[in-house]
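The values are calculated or read from the model by the stated rules, or taken from the named source; none is laboratory data. As the structure is a prediction and not an experimental result, all values here were calculated from the model. Methodologically, a virtual Cβ is constructed for each residue, glycine included, from the backbone with ideal geometry; neighbour enumeration extends over all protein chains shown. The accessibility values were calculated without ligands, DNA or RNA, using every heavy atom of the protein model including side chains. Shrake-Rupley method; radii C 1.70, N 1.55, O 1.52, S 1.80 Å.
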Amino acid sequence: MSVRALQIFLSLATALLLPAVPARGALSTGNTYSISFVDLAGNKLSTADGHVTILVLTTSADREQARTVGDHVPDFCLGNPAYRMITVIHFTRQHLAIGRRMATAFIRHRVREEAKQLQARYDAQKISRDAKSDIFVVTDFDGTIASQLGRSAEATDFCVFAFGQSGELLAQWHSVPSADELAAVVKK
């Protein structure tokens, strides 16, 4: 076989096989991932710390989608310490320190507003717990968390991940999963 024929063969083989290979760094369902971070309230969180975790990776532009995921969280998860939802807000542009402080202040304000709405849901379910203590929001200004979740620092795609208690990836979506989909995945 000539060198040229070998080059053509390898090029064709590579072109045919690459689409079947997952993107570099992409997470695979069934694998275990221990991803750690600190939320705005200073809570140390991990995908492998004994909680069933719904993790939403979003940009500030997609906050309504993140809110919809929260609305789809099954009632049996509400106020239950075995379950948790974490929203990671990924910023794709570089921000100076003043810009980070302003963005964080705005996000804290939004968290207080969301806590009021979640508290109404808790009250309707007769859950006697402060809803604000169950809201976990993490800022990702440098792309560190996005890259740990298999995304590039510049990526703006919306993703939802469900992790088991030991960090096993149960499912992932690139759009808002339905309430039934979420319930089926996170139910013990």
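Any residue in region 161-170 that is out of contact with any strand residue (DSSP E or B) (no Cβ under 9 Å at 6 or more places or on another chain) and of a type in the set (Asp, Glu)?
No, region 161-170 has no match at all.
Name the residue that is least open to solvent (accessible area, probe 1.4 Å), counting only residues in region 14-32 that are on the phi < 0 side of the Ramachandran plot and modelled with pLDDT of 55 or more.
Per the criteria, the residue is Leu27.
Return yes when Ala124 is more than 12 Å from Val56 (Cβ to Cβ), surrounded by fewer than 15 Cβ atoms within 10 Å (Cβ to Cβ) and more than 14 Å from the chain's Cα centre (by Cα) and no when it is not.
Criteria met by Ala124.
Enumerate the pairs (first residue in region 131-156 and of a type in the set (Asp, Glu); second residue anywhere and crowded, with 17+ Cβ neighbours inside 10 Å and in a loop (DSSP other than H, G, I, E, B)) with beta-carbon separation below 7 Å, excluding pairs fewer than 6 apart on the same chain, so at least 6 apart or on different chains.
From region 131-156, the pairs are Asp134/Gly79; Asp140/Phe91.
What number goes with the only condition from (1) part of a loop (DSSP other than H, G, I, E, B); (2) under 15 Å from the mean Cα position of the chain (by Cα); (3) not aliphatic (A, V, I, L, M) that Thr68 does not pass?
Unmet for Thr68, out of (1) part of a loop (DSSP other than H, G, I, E, B); (2) under 15 Å from the mean Cα position of the chain (by Cα); (3) not aliphatic (A, V, I, L, M): (1).
When residues of region 51-70 are filtered for being under 28 Å from Lys126 (Cβ atoms) and in contact with a helix residue (DSSP H, G or I) (Cβ under 8 Å, 6 or more places away or on another chain), how many remain?
Of the residues in region 51-70, 6 are under 28 Å from Lys126 (Cβ atoms) and in contact with a helix residue (DSSP H, G or I) (Cβ under 8 Å, 6 or more places away or on another chain).
Going by the structure shown, is Arg112 open to solvent by 80 Å² or more (accessible area, probe 1.4 Å), under 24 Å from Thr144 (Cβ atoms), at pLDDT below 95 and not aromatic (Phe, Trp, Tyr)?
no
Would you pick out the residues in region 33-54 that are surrounded by 17 or more Cβ atoms within 10 Å (Cβ to Cβ) and among the charged types (D, E, K, R)?
Scanning region 33-54 gives a single hit, Asp39.
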